[in-house]
Amino acid sequence: MAGRVSAPSRFRLAISGTLLVCYVAIVAAATMWPTPVDTPLVGAITRLLDLLHRHGLPMWFGYGDLEFIANILMFVPLGFLLALALPQRKWWLVVLLIPAVSFGIEIVQGEFLVARFASIWDVAANTFGGYMGAITCYVLRALVHFRDRLVVAEALAGRHR
């Protein structure tokens with residue numbers, strides 16, 4: 001019957017939708033805060049990087065590199081939850097939404113938040129992280145689907161013996 005959603009799918013949608021809304025709220029708070037959220041931590045982060053440099057971290061790795069990685073990591077859950085909340089046949093929406101959200105954040109920061117600035121590198125990092133999360137989700141969904149097909153096939157084979 002077209003239009004009917006199974007109980008496991010409803011559960012997946014409820015959980016992923018709830019987590020997605022919560023995560024978007026956290027990302028919005030962090031990215032729309034009037035000043036960068038790491039401002040109070042700059043001194044501590046700089047001291048940590050100095051310590052890590054003394055213990056083998058390459059000198060070329062600096063604050064900007066750490067921030068780039070943080071932007072990637074911030075969008076991994078967003079991509080994962082978007083891919084989980086949307087049907088797999090709507091994968092193209094995930095491909096469009098992730099950079100669109102990132103561009104939107106950067107436009108707001110550049111136009112309306114005086115202490116923030118827009119960066120194409122943030123868009124690149126955010127998009128890469130979001131895509132990493134989405135790919136992880138799609139791989140896990142494929143593995144679960146494959147496992148489920150094996151379980152059903154084994155159950156049917158056992159019934160016909």
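The values are calculated or read from the model by the stated rules, or taken from the named source; none is laboratory data. Computed from a predicted structure; not experimentally measured. Neighbour counts are summed over all protein chains in view; Cβ atoms, including those assigned to glycine, are modelled from backbone coordinates with ideal geometry. Surface areas here come from the heavy atoms of the whole protein model, side chains and all, with no ligands, DNA or RNA. Shrake-Rupley method; radii C 1.70, N 1.55, O 1.52, S 1.80 Å.
What the table shows:
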{"quantity": "Residue count, the stretch 67-94 (criterion: within 11 Å of Phe128 (Cα to Cα) and open to solvent by 60 Å² or more (accessible area, probe 1.4 Å))", "calculated": "3"}
{"quantity": "Pick from the stretch 26-41, criterion open to solvent by 60 Å² or more (accessible area, probe 1.4 Å) and assigned to a helix (DSSP H, G or I), ranking: nearest to Phe117 (Cα to Cα)", "calculated": "Met32"}
{"quantity": "One residue from Leu97, Leu86, Leu82 being at pLDDT below 95, within 28 Å of Ile15 (Cβ to Cβ) and in contact with a Leu (Cβ under 7 Å, 6 or more places away or on another chain)", "calculated": "Leu86"}
{"quantity": "The stretch 114-159, subset among the polar types (S, T, N, Q) and part of a helix (DSSP H, G or I), residue least open to solvent (accessible area, probe 1.4 Å)", "calculated": "Asn126"}
